[in-house]
Amino acid sequence: MADELLLDTGALVSLLDRSQPRHVDCRRFFEDWDGVVVSTEAVLTEAAYLLSGVSGGAVSCVDFFLSGGSALVPTTPTSLKRIRALLSKYVDLPMDYADATLVALAEELDTSLVFTTDRTDFSVYRIKGRKPFRIVPE
């Protein structure tokens, strides 16, 4: 079975907003993906905010999750402790909270596949301090 695909904010916004420069790339990749897609409430919150300036954008973001576009994995006290450690570790980048939730989730699920438009940051982040992310789309 393929790894779970971690859905980041930039890719979600690009999927839902046709005016985004990476819309076509993200749409093509997502349409071809047939595995499990997971994300966090922090990503949903960030994307809904960014899409709030687009007519119906925030609603379409919520609808994406309601229709099964991605599963939402809740933050637990254990993952929140890991998120705090990651935010401290990458303070010089700086890492944002949504990214930290995805790195913690990657560690929990033992997956390295992230669907993002943020190649810069996800090229720096490491899973369990060692393993790099596999970033899609290319």
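Derivation of every value follows stated rules applied to the coordinates shown; laboratory data play no part. Bear in mind that the values here come from a model prediction, so they are computed numbers and not experimental data. Glycine gets a Cβ as well: all are built from the backbone with ideal geometry, and neighbour counts include every protein chain shown.
Anything in region 33-66 that is of a type in the set (G, A, S), within 19 Å of R134 (Cβ to Cβ) and free of Cβ contacts under 8 Å to residues at least 40 places away in the same chain? List them, or say none. Don't jump to the end; show me each part of the working.
At the first step, the residues of region 33-66 found to be of a type in the set (G, A, S) are 35, 39, 42, 47-48, 52-53, 55-58, 60.
Now drop any that are not within 19 Å of R134 (Cβ to Cβ), which leaves 35, 39.
Passing the criteria: only G35.
For region 4-32, give me the residue count where each residue is over 23 Å from Y97 (Cα atoms) and touching a residue at least 60 places away in the same chain (Cβ under 8 Å).
Filtering region 4-32 down to residues over 23 Å from Y97 (Cα atoms) leaves 18-19, 21, 23-25, 27-32.
Right, trim to touching a residue at least 60 places away in the same chain (Cβ under 8 Å) and you get 25, 28-30.
Going through region 4-32 one residue at a time, the tally reaches 4.
Which one of these is within 23 Å of W33 (Cα to Cα), under 16 Å from the mean Cα position of the chain (by Cα), of a type in the set (A, V, I, L, M) and not in a loop (DSSP other than H, G, I, E, B): I83, I135?
Numbers: I83 fails: within 23 Å of W33 (Cα to Cα).
None of the others qualify; the one that does is I135.
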*Here is a list of conditions, (1) outside any helix (DSSP H, G or I); (2) out of contact with any strand residue (DSSP E or B) (no Cβ under 9 Å at 6 or more places or on another chain); (3) touching a residue at least 12 places away in the same chain (Cβ under 8 Å), and T111 meets all of them except one; can you say which number that is?*
(2)
_Just the residues that are over 25 Å from E138 (Cβ atoms) and outside any helix (DSSP H, G or I), please, taken from region 23-78._
S52, G53, V54, S55, G56, S67, G68, L72, V73, P74, T75, T76
